[in-house]
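Below: one structure, written as structure tokens.
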Amino acid sequence: VLHVTLASATSGDLIGRLGSRLESVSATCSTTSAEKVAAEVAATLARAGVTAWVAVPGMPESWLPDGAIPETAYLDLARDVTAGRLGCVELAALAVAETGSLMTHGSREIRQLAMLSDVQLLLVRAADVVADLDQAAAAISAMQPPPPHFSFVTGASRTSDIERTLAIGVHGPSQLYVMVVDQ
Amino acid sequence: MSADIGLEEALADATLQATLQNFQHRWRASRDTAMAEVDFDRLKVRLKAAKRAVLDDMDASIAGFAASARATGAIVHEAATAEEAVRYMLDLTRNRGLKMAIKSKSMVSEEIGLSPALEEAGVEVVETDLGEWIIQLSGQRPSHMVLPAIHKNKAQVLGLLRRADPDLPEDATIEDMVLAARGYMRSRFLAADVGITGANAAIVEDGRLMIVTNEGNGRLTTTQPGLQVTFVGVEKLIPTIADAMTQLRLLARSATAQHMTSYVTFFRGDDPGRELHIVLVDNGRRSLRARPEKEEALQCIRCGACANVCPAFQVVGGHVFGHIYTGAIGLVVSPELNGLQSVAEAQSLCLSCNACATVCPVDIPLPAQILEVRRDVVAANGLKWNKAAGFRILRHPILFRLCARTLGLAAPVVRAVEPMLRRLPGLRAQTSWRRLPLPAARPLPGRWRRLQRAMDRHREPSSPIGYFAGCITETIHPETGTANARLLYRLGYEPTLLRQHCCGLPASNSGDWETARVIARQTIQAIEASVVAEIVSGANSCVAAVAADYQALFRADPEWQRRATLASARLVDMTTFLARPANLDKLRVVAAGAAPLEVTYHDSCQSLTALGLKSEGRRILEAVGCELVEMPTCEECCGFGGSFAFEHPQVAERLAERKLAAAKDTSTAVLVTDNSGCVMHLDAAARMGGSLRAVHLVDLVAQRLGANL
């Protein structure tokens, strides 16, 4: 079954699986190279209609286009949900092909940036795409020091609490973009 | 809580009924698709093993988790009772001067009554899960563990949200409402001085907690306020992170038919800038652990799947079917967590159809556990007078037959006044939707003797076999008994009628185990007294009862348990019997040339889930030249449930109606099933109008072979 076959899959298979899983939850997944990633990020933010964006520390400077605003200014904007369309760009530690999930383990400040955004853009290195949740658990258990707080993000903030009708963006991002960076 | 929906109100609410029915059907289809991606049985075994390890030494697991959590800097408090858990929060509130709490969805906080206590102490409590917020605004209890506001329609939700946000227009769409909630919640998230959460799992190995939310409110609540209090029932412990992954695979699929929930958050005490308090709530869980026949319920992961397939839940909703925890698991755990009386009424709504057990991701034997609760309720509150009187009669075969005979002779009179009975307000619920099932003037034993004399005249060499009729066939549908006999003769057997009047199922299903044991002993003795080795029966619920229920009835009596096992081994249902290759071959030969007939098939609950029959009945139909037109809902309960149809006639009526409507959609004229109870129930309802008839498989097969034997 699923995670058994995935365990022996190639990196390309895993990325394909990750992408189709993300598509099934209305997220967008693309693959890019380290050279092109900055331009792709800029294009994605523009396509998503982002009016201001922030970059979470932790990824190579060269991966980011110009134009990020400081964290304090971003958090000020986030107080009012109608103030604009906020984007947050972050590097995920892992991606899980089985479920189409991105694992992030940022600090409280970083999580605020991510969860108060309208558009979340998560980058992940191709080498960090693992087959299934079991491999993810093993990788997390091996982290030193162990992350005090981590999440699997699989899509946007969604609810079906009113008449079982799907609606997005109830608290956090209403759109999730994922970019697999092949180095 | 007067705001909650009562039974009568639920039955009268067509919108609610349609909502729940649509939801269950949609859930079932997408859950099955999602579950097909994984090896459900293997994952169940893995998760059960993990939960078992915790339950095997609950105290050590709790101590282990507390130690790991404290090592990360979390402040761990063990609360023995709901009051203790609430007091901890109230003390913290007072000491820290807390003003505003944001909450992510937590069933245990509902169980202990946390929010009302905090509000009384002057704290503004904001439920951040949209469904929970709607419920909070309405002053009701959640009606479903995963979908708390499933009983509210869009207009009702809008009315409630406009109380919080008067700017919402009267014609607001669902999208507008969600955006309004986003704005309202954003300001609360930023202003709150404490976050309160529950947990889907508490991981022993590293003192970590797991929260699963689609909205992301769990991630926000564990991020934004610097102070956090997590309430977790001690049954949520799980040994390792790897085990939590197994739980995730089953939880998302079982709860919302997703392969993964949008946000799964893991956290512990060493998150810089935040202070974490963990309140480990017992509140009756150790008492539940001490009851061997119920303790498996502590493996529950609160996915709500048991409610999503429950036929009675589909009709009445979670305010009626459960207490704080709804659905089958709610009936099982509430006595220990919130007192036996909390589900004294609700437990009577279980039909023992077993649907919940088939989807439970940790294989909890819910139907059997609900019968334990029912027994406890009867022990505490007594039986209703009419049941008590009925069971007194049922204990004595002679008295029972005398009553059935008398009623049978009076049946023409009852039939004559039946239209009048339908108009009597007190009897309308029982009579408006069905022809009352009444005993026949001539019950089976007399008919059997006559038939046997006729058969003996053209006797051919044949093999002896026993026949177990069951009370419905003996008294109400004796023609099924004679059809059975003719069929057996035709297949080369010589049937002997077992001297038996009832298997005891009506009593055990009603919580009167004392009576059930008396009758079960009579049945076992009747089987033991039979000189023929194999005994067949068309009463599949009875066959299942002898096999499974008797083991529970005689739990404290190994000798009778052993005798029950031996008796059960000799009893076989007619469906299994006819589906044996040799019998199928004979059927094919004898039925060759019968005119084609289109029929639809209802899988009776006991046949499907207790006896494991699925293809057998269909193969028999095919052998006798029937063409099957399937109903999509062929596996849903028809609403009979033994005495259920008389105790809750309006619920039974709705379920019969739905089954008959599905059968009519197939455009066939015959609804076939292999359980005498379902036949009695469905045919009684079908005869109120239209040409559709419910027929026992055995009757149909006998008809197909020609009445002339």
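Below, the figures for the structure above:
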| read-out | value |
| --- | --- |
| Subset tally (residues that are within 13 Å of B:MET185 (Cβ to Cβ) and buried (at least 21 other Cβ atoms within 10 Å of the Cβ)) for segment B:137-170 | 1 |
| Strands (runs of 3 or more DSSP E) (entirely within segment B:603-709) containing at least 1 residues that are in contact with a Gly (Cβ under 8 Å, 6 or more places away or on another chain) | B:670-673, B:693-696 |
| Unique match (being among the hydroxyl-bearing types (Ser, Thr, Tyr) and surrounded by fewer than 16 Cβ atoms within 10 Å (Cβ to Cβ)) among B:THR81, B:THR128 | B:THR81 |
| Residue identified as over 18 Å from the mean Cα position of the chain (by Cα), over 20 Å from A:GLY155 (Cβ atoms) and not in a loop (DSSP other than H, G, I, E, B) among A:THR32, A:THR72 | A:THR72 |
| Positions within segment B:138-159 being under 30 Å from the mean Cα position of the chain (by Cα), in a helix (DSSP H, G or I) and either within 24 Å of B:LEU90 (Cβ to Cβ) or more than 11 Å from every other protein chain (Cβ to nearest Cβ) (or both), in sequence order | B:SER138 |
| Subset of segment A:112-162 (residues that are in contact (Cβ under 8 Å) with a residue 60 or more places away in the chain, within 11 Å of chain B (Cβ to nearest Cβ) and assigned to a helix (DSSP H, G or I)) | A:LEU133, A:ASP134, A:GLN135 |
| Identity of the residue in segment B:523-532, of a type outside the set (D, E, K, R) and surrounded by fewer than 19 Cβ atoms within 10 Å (Cβ to Cβ), that ends up nearest to B:GLY470 (Cα to Cα) | B:GLN525 |
| Residue match in segment A:120-136 (condition: touching a Lys or Arg at 6+ places or on another chain (Cβ under 7 Å), among the small types (Gly, Ala, Ser), surrounded by 24 or more Cβ atoms within 10 Å (Cβ to Cβ) and closer than 22 Å to A:ALA9 by Cα) | no |
| Segment B:234-290 - residue that is more than 11 Å from chain A (Cβ to nearest Cβ) and part of a strand (DSSP E or B) and, of those, nearest to B:LYS48 (Cα to Cα) | B:ILE238 |
| Residue satisfying all of: in segment B:24-77; within 14 Å of another protein chain (Cβ to nearest Cβ) and among the polar types (S, T, N, Q); surrounded by the fewest Cβ atoms within 10 Å (Cβ to Cβ) among these | B:THR33 |
| Single condition B:GLU635 does not satisfy, out of (1) crowded, with 24+ Cβ neighbours inside 10 Å; (2) under 17 Å from B:ALA355 (Cβ atoms) | (1) |
| Test: A:LEU166 is within 10 Å of chain B (Cβ to nearest Cβ), surrounded by fewer than 20 Cβ atoms within 10 Å (Cβ to Cβ), of a type outside the set (S, T, N, Q) and within 25 Å of B:GLU175 (Cα to Cα) | yes |
| Pair list, Cβ under 8 Å, 6 or more apart: segment B:348-377 residue closer than 18 Å to B:VAL320 by Cα, other residue of a type in the set (A, V, I, L, M) and in a loop (DSSP other than H, G, I, E, B) | B:LEU349/B:VAL320; B:CYS356/B:VAL309; B:VAL377/B:ALA344 |
| Long-range neighbours under 7 Å by Cβ, at least six apart or interchain, first residue assigned to a helix (DSSP H, G or I) within segment B:413-424, second acidic (Asp, Glu) and at pLDDT 95 or above | none |
| Index of the failed condition, B:GLU111 passing every other in (1) within 14 Å of chain A (Cβ to nearest Cβ); (2) touching a Phe, Trp or Tyr at 6+ places or on another chain (Cβ under 9 Å) | (1) |
| Scope segment A:73-95; condition farther than 15 Å from A:ALA43 by Cα and away from chain B (no Cβ under 14 Å); matching residues | A:ALA73, A:LEU91 |
| Cβ pairs under 6 Å, 6+ apart, first in segment B:326-338 and within 18 Å of B:GLU83 (Cβ to Cβ), second hydroxyl-bearing (Ser, Thr, Tyr) and part of a helix (DSSP H, G or I) | B:SER334/B:SER342; B:GLU336/B:SER287 |
| Residue in segment A:3-24 that is farther than 16 Å from A:LEU91 by Cα, part of a loop (DSSP other than H, G, I, E, B), touching a strand residue (DSSP E or B) at 6+ places or on another chain (Cβ under 8 Å) and within 14 Å of chain B (Cβ to nearest Cβ) present | no |
| Some residue of segment B:177-197 being within 9 Å of chain A (Cβ to nearest Cβ), assigned to a strand (DSSP E or B) and in contact (Cβ under 8 Å) with a residue 60 or more places away in the chain | no |
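Every residue, every condition in (1) surrounded by fewer than 21 Cβ atoms within 10 Å (Cβ to Cβ); (2) modelled with pLDDT under 95; (3) within 26 Å of B:ALA368 (Cα to Cα); (4) small (Gly, Ala, Ser), yes or no:
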residue: B:ALA556; (1), (2), (3), (4): yes, no, yes, yes
residue: B:TRP560; (1), (2), (3), (4): yes, no, yes, no
residue: B:LEU584; (1), (2), (3), (4): yes, no, no, no
residue: B:GLU598; (1), (2), (3), (4): yes, no, no, no
residue: B:TYR601; (1), (2), (3), (4): no, no, no, no
residue: B:SER604; (1), (2), (3), (4): no, no, yes, yes
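The values are calculated or read from the model by the stated rules, or taken from the named source; none is laboratory data. The structure presented is a predicted model; accordingly, all values stated were derived computationally and were not measured. Here the Cβ is made from the backbone with ideal geometry for all residues, glycine too, and neighbour counts use every protein chain on show.
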